[in-house]
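One structure is given here, and the rest of the page talks about it.
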Amino acid sequence: MASPHQKGVLDNNFKVSTKDGKTEVITLNTKAITIIWGGESCEGRYWRRTTINSFEVAELVSVYWLEVAGRVPLSNFSPSTTYAFVVTLKLKPEASGWENSPVIFSLKMPGQAVSSKPVKLHQYMGSDWVDVPEGGIRFTVPKSASGELDFAIYEIKGDKWKKGLMIKEVKFIKV
């Protein structure tokens, strides 16, 4: 039976770019992230997949609660290196529901507190693809890195239906 939620699958859905043997950027496409109400049994009702300039993006049709998450093994990162977590996204001209409640971008390293940034997405109306949050959420990979890095994007407190958000990819960029 098809699930109402898309479970993120990392295999073949992420790319690691290196320079001089160190990880520079880790890029996850939208199949590598978990999208609540983004599964096959709900296809097109809450989220839909669209191809734009050879990128498959996840397009939000309409949801009350926004919940997107994922995880990446720390073994993919270079130890003792600082990265920034960002999501490449765009709001369609007809996007709505983003005016009052901020979207929370969060990151959790094993054994550490959650780092988060609230972002009012309506400020990006009319923009092209943009990396959000601005400047990213920075984190440093421990020297002996094990476990997984968890990330999430959510808005569950607002009282408006949200639509028009397009997610292109999730990136972890060396700073």
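The values are calculated or read from the model by the stated rules, or taken from the named source; none is laboratory data. It should be emphasised that the depicted structure is a prediction, and the values quoted were computed from it without experimental measurement. Every residue, glycine as well, gets a Cβ built from its backbone with ideal geometry; the counts of neighbours run over all protein chains shown.
Some values worked out for this structure:
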read-out	value
Failed item in (1) under 21 Å from Lys174 (Cβ atoms); (2) in contact with a Leu (Cβ under 9 Å, 6 or more places away or on another chain); (3) not aromatic (Phe, Trp, Tyr), with Thr88 passing the rest	(2)
Those residues of region 132-153 which are over 17 Å from Lys168 (Cβ atoms) and in contact with a Phe, Trp or Tyr (Cβ under 9 Å, 6 or more places away or on another chain), in sequence order	Ile137, Arg138, Phe139, Thr140, Val141, Ala145, Leu149, Ala152
Residue list for region 54-76, restricted to those being modelled with pLDDT of 85 or more, farther than 17 Å from Val86 by Cα and not in a strand (DSSP E or B)	Val61, Ser62, Tyr64, Trp65, Ser75
Restricting region 114-143 to residues that are charged (D, E, K, R) and assigned to a loop (DSSP other than H, G, I, E, B), the residue that is farthest from Val57 (Cα to Cα)	Lys143
All positions within region 28-52 that are surrounded by fewer than 16 Cβ atoms within 10 Å (Cβ to Cβ), modelled with pLDDT under 85, over 13 Å from Lys163 (Cα atoms) and not hydroxyl-bearing (Ser, Thr, Tyr)	Glu40, Glu43, Arg49
Qualifying residue in region 86-109 (condition: under 21 Å from Lys19 (Cα atoms) and either within 17 Å of the chain's Cα centre (by Cα) or at pLDDT 95 or above (or both))	yes
The lone exception for Ala145 - which of (1) surrounded by fewer than 16 Cβ atoms within 10 Å (Cβ to Cβ); (2) more than 20 Å from Ile33 (Cβ to Cβ); (3) of a type in the set (A, V, I, L, M) it fails	(1)
Odd one out for Ser101, checked against (1) touching a Gly at 6+ places or on another chain (Cβ under 6 Å); (2) among the hydroxyl-bearing types (Ser, Thr, Tyr); (3) closer than 22 Å to Gln6 by Cα	(3)
